[in-house]
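S.K.: One structure coming up, written as structure tokens, with questions to follow.
What follows is calculated from the coordinates using simple rules that are stated; it is not laboratory data. Just so we're clear, the structure is a prediction, and the values are computed from it rather than from any experiment. Cβ coordinates were reconstructed from backbone atoms using ideal geometry, including for glycine residues, and neighbour counts include every protein chain displayed.
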Amino acid sequence: MPETIAFSGHVKHVSVLDEEGNADASLEPTLSQEELVRRYVIMSTTRAFDRKAVSLQRQGRSFTYTPFEGQEAIQVTAARLLDPKDWAFPSYRESAFYLARGAPMSMLFTYLKGHEDGMAIPDKTNDFPLSIPVGSQIAHAPGAAYANKLLKNGKIAIAFFGDGASSQGDFHEALNFSGIYKLPVVFICTNNQYAISTPRMMQTASETIAQRAMGYGIHGVQADGMDPLAMEHVLSEAFDRARKGEGPTLVEAIAYRFGPHSTADDPKKYREDAEADPWRKLDWAVRYRKYLERKGLWNNDVQAKLDAAIVTEVEAAVAKAEEFKDSPSQMFDFVYPQMTAELQRQKAEFSEVYGL
Ligand SMILES: Cc1ncc(C[n+]2csc(CCOP(=O)(O)OP(=O)(O)O)c2C)c(N)n1
């Protein structure tokens, strides 16, 4: 592991795959062969989406985007383990989560083109729209979890956030409240080493983020967030604990943000390109692929077919998003349940002037 990773005797650290794709048999999850391959396919698809989203912004065809390359295993594993009606509160960097939950790719591209309709999450899942304010979504998850507990519906809630967000007051309030009421909630902190240009070590003097759980009387565990099998191990345990009424867990998933913070950021200003090298060896696209190859579940031919299928899927999604037309006059429609007389007047004037 790169030296920047902090280990602590206070919390368990789970890593299953080594750099050669060998799994630690004592921790290896029992997933079907079909599911093992499915996860690779989904992660690969989300990565293609991510790269396309950056490229569209660079071409002036969409707006600011926050790439997630390096963090796919965390988001996709969580999505595969949740029930559709569990509650999820993602941040702006969790597009892979939405895709893995079944949101149409064209919908996310539509959102990146600036249309709110692109964040109209399909009813089949209880996923909240992404949160741009750093950390606010952490406190929403205990609210949903508390409601689930009162309703005794067996559903859990999860919140995604970054290492930077763990310095916000919302983090403290959410974990404290969840601990007191033993809520069915899992906090997934993606420690991707940076909060824009602020490195992880300037975020907290605590040796790990996971060990902060102890101060709230809840479980804390650290996992290799670039290892899909480690994420499966840790998240399935945390979700089961929540479902059984055994209380919340704080999961610190360690990863590396390979791209810029956002398309408006230039990481060369605060880190060396070479810093990414040891992390590339840990990438799921390297390690997990080797693991599948060892099991006889993957090879170059299948990879070539997948690559071609993904290009077709991504291009079709972009074309659909680019065809999307909305009505700007909608901005008047949803301010109040019923439009006020003043808004009706403004909408009429807007339509007259702009013909929209
Ligand atoms: C409340 C609030 N403060 C500041 C910002 C500006 N901001 C956007 S992202 C970010 C860094 C967040 O870093 P981290 O929580 O580690 O998540 P990451 O971006 O690495 O996924 C900041 C400070 C914001 N969006 N919201």
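S.K.: Explain nothing, just compute: Karplus ³J(HN,Hα) = 6.51 cos²θ - 1.76 cosθ + 1.60, θ = phi - 60°, for every residue of the stretch 341-350 in order, whole Hz, x for Gly and Pro.
M.R.: For the stretch 341-350, the Karplus-derived couplings read 4, 5, 5, 4, 5, 5, 5, 5, 5, 4 Hz, x marking Gly and Pro.
S.K.: Here's something else I'd like to know. Which of 155, 85 has the fewest other C-beta atoms within 10 Å, and how do the rest follow up to the most?
M.R.: By the 10 Å Cβ count, ascending, the order reads 85, 155.
S.K.: Kindly provide the GluC sites (Glu not before Pro) of the stretch 7-52 that DSSP labels as loop, not H, G, I, E or B, and whose Cβ sees at most 13 other Cβ atoms within 10 Å.
M.R.: Listed in order of number, the matching sites are 19, 20.
S.K.: Please state the charge dipole magnitude for the chain, taken about the Cα centre, from unit charges on C-beta atoms (+1 on K and R, -1 on D and E), reported in debye and rounded to the nearest 20.
M.R.: 480 debye
S.K.: With point charges of +1 on the Cβ of Lys and Arg and -1 on the Cβ of Asp and Glu, referenced to the Cα centre of the stretch 12-325, which listed residue (40, 308, 157) lies farthest in the positive direction of the dipole?
M.R.: Result: 157.
S.K.: Continuing with the same structure: Testing the spin-label approximation: label points 7 Å from Cα along Cα→Cβ at residue 280 and residue 20. State their distance in nm.
M.R.: 2.2 nm
S.K.: Could you rank the peptides 157-164, 301-308, 274-281, 214-221 by their average count of other C-beta atoms within 10 Å per residue, with the highest value first?
M.R.: 157-164, 214-221, 274-281, 301-308
S.K.: Same structure, new question: Give the cross-link partners of residue 268 among the lysines, using a straight C-alpha distance below 28 Å as the criterion and excluding same-chain residues fewer than 8 apart.
M.R.: Residue 268 reaches 52, 113, 281.
S.K.: Additional query: Counting alpha carbon pairs within less than 8 Å and at least 6 residues apart, what relative contact order, in whole percent, applies to the stretch 1-151?
M.R.: This gives 19 percent for the stretch 1-151.
S.K.: Expressed as a rounded percentage, what relative contact order does the stretch 12-325 have, with Cα pairs under 8 Å and six or more residues apart?
M.R.: Relative contact order of the stretch 12-325: 25 percent.
S.K.: If you build the Cα gyration tensor of the chain and take the root of 5 times each eigenvalue, what three semi-axes come out, in whole angstrom, biggest first?
M.R.: Result for the chain: semi-axes of 33, 26, 20 Å.
S.K.: Calculated from DSSP H runs of 4 or more alone, at -39500 (n - 2.57) each and per residue, what is the 222 nm mean residue ellipticity of the chain, nearest 500?
M.R.: Result for the chain, helices only: -13000 deg cm²/dmol.
S.K.: Just how far, in whole angstrom, is the stretch 239-281 from the stretch 145-206 if you go by their alpha carbon centroids?
M.R.: 14 Å
S.K.: Rg to Rh for the stretch 223-293: what is it, with Cα atoms only and Rh by Kirkwood?
M.R.: Using only Cα positions, Rg/Rh for the stretch 223-293 is 1.11.
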